[in-house]
Amino acid sequence: MTPAETLAAGGLLAFPTESSYGLGVDPRDPRGVEAIFRLKSRERGKALPVVAADLAQLLALGVDPAAEALAWAKPRWPAALTVVLPMAAPLPASAGAPAIAARIPAHAGLRALLAELGHALTATSANPSGEPPLTDPQEVRSWLAASNEKYLLLDDGPTAGGLPSTLVELRDGEVVILRKGRDEVR
């Protein structure tokens, strides 16, 4: 199956990112979002971050085009830099919140996948909640195969490992680092 066919069938994608493998579904699809929560044993109410090929894909999710955080992020992307962005309305991936943590990734292959799909994806690490992110595609395959979830692994060999993306939020015009990661805030 292709990535688009897998998503349409209610499956999820496992794909390489800058540091580890990630899990992706359409952030607007409650069925797919629920599959990730189930697979990871993730705490309900904890939003899933998203990745997009470009600004148009973020705006299609309902990200506020006039948001100060978006204006701040634009010249810094693509990067391993995730920014909390306000939205017009919550999405299943935002777990009811009117904001979403999003990035345009530095990983060229992931951006190409997103462009091919034509929409953003969730991008939570491939691992059970509380465990280290998986960097080896064979480990990802074994973990996914042991689940009852439909999936497609986009195997591009082992990832670099290391820190995840840096996560920031703008509060009253000030950049607040919520998680120090791969990229320095500049």
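Some points to look at:
- About the Cα centre, charge dipole magnitude for the range 1-90 (Lys/Arg +1, Asp/Glu -1 at Cβ), debye: 280
- Given charges at Cβ of Lys, Arg, Asp, Glu: the range 119-184 dipole, positive-most of VAL175, GLY162, LEU144: LEU144
- Percent RCO, i.e. relative contact order, over the chain, from Cα pairs under 8 Å lying at least 6 residues apart: 31
- Cβ-Cβ FRET estimate between ALA66 and GLU174, R0 fixed at 22 Å, reported to 0.05: 0.75
- Of the trypsin sites (Lys or Arg not before Pro) in the range 40-94, the ones in a loop by DSSP (not H, G, I, E or B) with at most 15 other beta carbons within 10 Å are ARG44, LYS46.
- Taking only protein heavy atoms and a 1.4 Å probe, the accessible area of the chain is 54% carbon and sulfur.
- Charge dipole (Cα centre; +1 on Lys/Arg Cβ, -1 on Asp/Glu Cβ; no other charges) of the chain amounts to roughly 260 debye.
- Virtual spin-label span in nm between ALA56 and LYS74, 7 Å along Cα→Cβ: 1.6
- Each principal axis of the Cα atoms in the chain has its own extent, and those three values, largest first, are 46, 31, 31 angstrom.
- In this Cβ point-charge picture (+1 for Lys and Arg, -1 for Asp and Glu), the range 102-186 has a dipole of about 120 debye about its Cα centre.
- Within the range 67-186, antiparallel bridges make up roughly 75 percent of the DSSP beta bridges whose residues both belong there.
- For GluC sites (Glu not before Pro), the sites in the range 7-68 that DSSP calls loop and that have at most 14 other Cβ atoms within 10 Å are GLU43.
The values are calculated or read from the model by the stated rules, or taken from the named source; none is laboratory data. Here the structure is a predicted model, which means the values were calculated and not measured. Quick reminder, even Gly has a Cβ in these numbers, built from the backbone with ideal geometry, and neighbours come from all protein chains shown. Just the protein is used for accessible areas: all its heavy atoms, side chains included, with ligands, DNA and RNA removed. Shrake-Rupley method; radii C 1.70, N 1.55, O 1.52, S 1.80 Å.
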